[in-house]
1. Looking only at the range A:26-54, filter to residues that are open to solvent by 40 Å² or more (accessible area, probe 1.4 Å) and basic (Lys, Arg); which one of those is farthest from the other protein chains (Cβ to nearest Cβ)?
2. Determine which single condition residue B:107 fails, assuming it passes every other condition in (1) touching a Cys at 6+ places or on another chain (Cβ under 8 Å); (2) open to solvent by 50 Å² or more (accessible area, probe 1.4 Å).
3. Test residue A:142 against the criterion of being within 14 Å of chain B (Cβ to nearest Cβ) and either within 25 Å of residue A:112 (Cβ to Cβ) or surrounded by fewer than 24 Cβ atoms within 10 Å (Cβ to Cβ) (or both), and give yes or no.
4. Scanning for something small (Gly, Ala, Ser) and either surrounded by fewer than 24 Cβ atoms within 10 Å (Cβ to Cβ) or more than 24 Å from residue A:43 (Cα to Cα) (or both), does the range A:210-228 turn up at least one residue?
5. For the range A:297-313, enumerate the residues that are open to solvent by less than 70 Å² (accessible area, probe 1.4 Å) and either among the aromatic types (Phe, Trp, Tyr) or at pLDDT below 95 (or both).
6. For residue A:189, indicate whether it is away from chain B (no Cβ under 13 Å) and touching a Cys at 6+ places or on another chain (Cβ under 9 Å).
7. Restricting to the range B:120-139, give me the number of residues that are free of Cβ contacts under 8 Å to residues at least 40 places away in the same chain, aliphatic (A, V, I, L, M) and open to solvent by 10 Å² or more (accessible area, probe 1.4 Å).
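The values are calculated or read from the model by the stated rules, or taken from the named source; none is laboratory data. Please read all numbers here as calculations on a predicted model, not as lab measurements. As a convention, Cβ positions derive from the backbone with ideal geometry for all residues, glycine included, and neighbour counts pool all protein chains shown. Heads up: the accessible areas ignore ligands, DNA and RNA and are worked out on the full protein's heavy atoms, side chains in. Shrake-Rupley method; radii C 1.70, N 1.55, O 1.52, S 1.80 Å.
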Amino acid sequence: MYNYSEFDETFVRARVAEFRGQVERRISGALTEEEFKPLRLKNGLYLQLHAYMLRVAIPYGTLNSRQMRQLAMIADRWDKGYGHFTTRQNVQFNWPGLGDVPDILDALADVSMHAIQTSGNCIRNVTADHFAGAASDECEDPRPTAELLRQWSTDHPEFQYLPRKFKIAVTGSRADRAVTRAHDIGLRLITSEEEETGYQVLVGGGLGRTPMIAKIIRPFLPRQHLLPYIEAILRVYNLSGRRDNKYKARIKILVHETGLDELRSRIEAEFERRLADFAGVDQGVVAAIEEAFAAPAFVARPNNRHLDRLDADSNYREWVRTSLARHKRPDYGIVTVSLKRVGGTPGDATSVQMTALADLAEKYSHDELRVSHEQNIILPHVSRADIPAVYDGLRAAGLASANVGLISDIIACPGMDYCALATARSIPVAQDIARRFDELGLEKEIGPMKIKISGCINACGHHHVGHIGILGLDRAGVENYQITLGGDATDKAAIGRRAGPGFSAEALLPALERLVDRYLVERQDGSESFIDCYRRVGEAPFKSALYPGATQRRTRFRRRKRA
Amino acid sequence: MNSIIVRDDGFHEDELSEAVFTSLETLKTGVEVPVYLHLENDEDPACLPLYFCWLRLIRIPFPDFADGRGFSLASAIRRLGYQGCLRARGHLIADQYRQARQSGFDEVEIGKGLAARQPERQWLVQLANNPGSYQDRLFGKRPVPAAPKSGHLRPELSPSSAGMPTV
Ligand code: SF4
């Protein structure tokens, strides 16, 4: 785990002091609200529908137990006793008072955390594979890269006022759990034919109004050239990204309008110039980062307790089936803790749950926790011998839902319940869906399924890459939900296609039921997942399930015409 | 005099308030005497090295404090090797002073209204509280020397008093 260097500590404290001053100057009127806005945004403070919201960075989604306990403390002391984990590996507090925020930031600094650049038109919190350092399919831990980028991008004087926000994700695995192809820059650690490790660099991905899958701008970038190259991309973007329309300001639009080849040559030219006075990155800093992410001291232990429990306890078996992923060591496992209790708010955890998670991580996961972009918590290094104990601990904290990857493991943005931009509710929709399929007892039967819900066109709920995506809109004052099908956030990344006209809030659930029923009929057998089935049979059967009247109406019309 | 110049030692009157600035287009047609250049923030600085010895100062506008092109432009011009004075002009706020300096600017020209609302102290504190930057830590201090502190801007050398012609 990376712990703050003396420099980090000094820097973050100075930032808190600076923000304290800015809050005072806002209150005194020296700063207008318009001028204060980008300053508070750079410190993670949003103005929401009902109150301020503070977004705290969890760099590359990694935390230790001390940090998790501090989040619990903050939730209790300055908020309403809970926090919300987001799709960007951040945690949000929904009810802080403006005057308390500098104190909260100080409390975060006490445990090497901050809220710097979690919003605003700058380089945001860098995200990484939530199984980093543990995954069995990993070529290299992406977190040293992410930490290097965190340091480089923090308060970068040149890139604080970009045309728009800028998101970078890093993965070291083939399975793209970091969704690199939906980011402004995606980095994939790869090994060249000469056995050299470097990056495949992708650019121009993003969801939002105009969803686009990132394109490869550099098939192989030697590791030591990472920062100059990223800097070149950012400089070209800062100088030529559109500023006349905020919906066209992301780099994906620049890629689209300029053309990948032209943009590549501009970036390469800038990169060449940058290399001319680049003497390499300070090796002391690099070594300290690498050392911080050295693998923990794994211990081999017999796992009969786990095996016995598997035989004896069907609930345990069920939970293990959904929640346990393969670790790079066969005697260890990666546990995903679902924050999607049926009927709860996706991604919310109470302070009591956070403390329980911290305790379990300290005891059984080499003191490490992760936040996934799917709004779940990961215990990345659990010895198989300890899995029964972890399960019992989670059950006691109400955190043992066996639904990871299933239909009720829904990503939902805050929507109308919190967000000022929302055009529809999102959380209650997720709750209804989870409840309904739970009642039907179909969840297990349906198997792997990703439903993602956004409360407006900005797509924070990533609906474009949901197997079933749901987008809540406002049609003349009434909520209307559009369904997209066939999206995929993995290495087979795809943008879902709109199925047809939207549904009212009441009609949505029955429509989804018809959709799922049709899948159960169409699939070859229980092993064919929804998305595989969709890819095989195409959208037609699912469309006709969603709009059963549509074909009838058309027939009726034809008949009338003939008559 | 409608402008205030912010430098590391505080607020100053604008010695160049009477000076005539040359556009990039004019510069490219050729100059015979050193000039003050006004570079729009969407202009390409790549050709500038040809003219460096003719430039007494480069001024880059900030139409809006949220428009950060000027920062990249300044940085790019420094990387091209320019060692003279770089001035940011327009809507920058005190909280951006450090970024302006770190990106390569020597000074900032602001309106008197803004200067009244955000007095000297609020600008200077930006440097006083400077914990150092991550970028310096990663790359070592930038090899860009600061411009000779406004030496060529002293009133007795200023073009207005010297009756400096423009091209
Ligand atoms: S998708 Fe829209 S409603 Fe949901 S959080 Fe983002 S901006 Fe708010």
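1. Ranking the qualifying residues of the range A:26-54, first place goes to A:26.
2. Every listed condition holds for residue B:107 apart from (2).
3. Details: within 14 Å of chain B (Cβ to nearest Cβ): no; either within 25 Å of residue A:112 (Cβ to Cβ) or surrounded by fewer than 24 Cβ atoms within 10 Å (Cβ to Cβ) (or both): yes.
Criteria not met by residue A:142.
4. Taking the range A:210-228 and keeping what is small (Gly, Ala, Ser), we get A:214.
From what is left, the residues that are either surrounded by fewer than 24 Cβ atoms within 10 Å (Cβ to Cβ) or more than 24 Å from residue A:43 (Cα to Cα) (or both) are A:214.
For the range A:210-228, residues small (Gly, Ala, Ser) and either surrounded by fewer than 24 Cβ atoms within 10 Å (Cβ to Cβ) or more than 24 Å from residue A:43 (Cα to Cα) (or both): present.
5. Keep residues of the range A:297-313 that are open to solvent by less than 70 Å² (accessible area, probe 1.4 Å), which gives A:298, A:303, A:306, A:309-310, A:313.
A:298, A:303 - these are the residues of the range A:297-313 that are open to solvent by less than 70 Å² (accessible area, probe 1.4 Å) and either among the aromatic types (Phe, Trp, Tyr) or at pLDDT below 95 (or both).
6. Numbers: away from chain B (no Cβ under 13 Å): yes; touching a Cys at 6+ places or on another chain (Cβ under 9 Å): yes.
Yes; evaluated as a whole, the condition is true for this residue.
7. Initially, the range B:120-139 is screened for residues free of Cβ contacts under 8 Å to residues at least 40 places away in the same chain, giving B:121-122, B:125-126, B:128-139.
Then keep just the ones that are aliphatic (A, V, I, L, M); that gives B:125, B:128, B:138.
Then drop every residue that is not open to solvent by 10 Å² or more (accessible area, probe 1.4 Å), which leaves B:125, B:128.
So the count comes out to 2.
Conditions tested, residue by residue: (1) farther than 28 Å from residue B:124 by Cα; (2) away from every other protein chain (no Cβ under 12 Å); (3) not small (Gly, Ala, Ser).
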| position | (1), (2), (3) |
| --- | --- |
| B:15 | no, yes, yes |
| B:18 | no, yes, yes |
| B:47 | yes, yes, yes |
| B:62 | no, no, yes |
| B:81 | no, no, no |
| B:84 | no, yes, no |
| B:90 | no, yes, no |
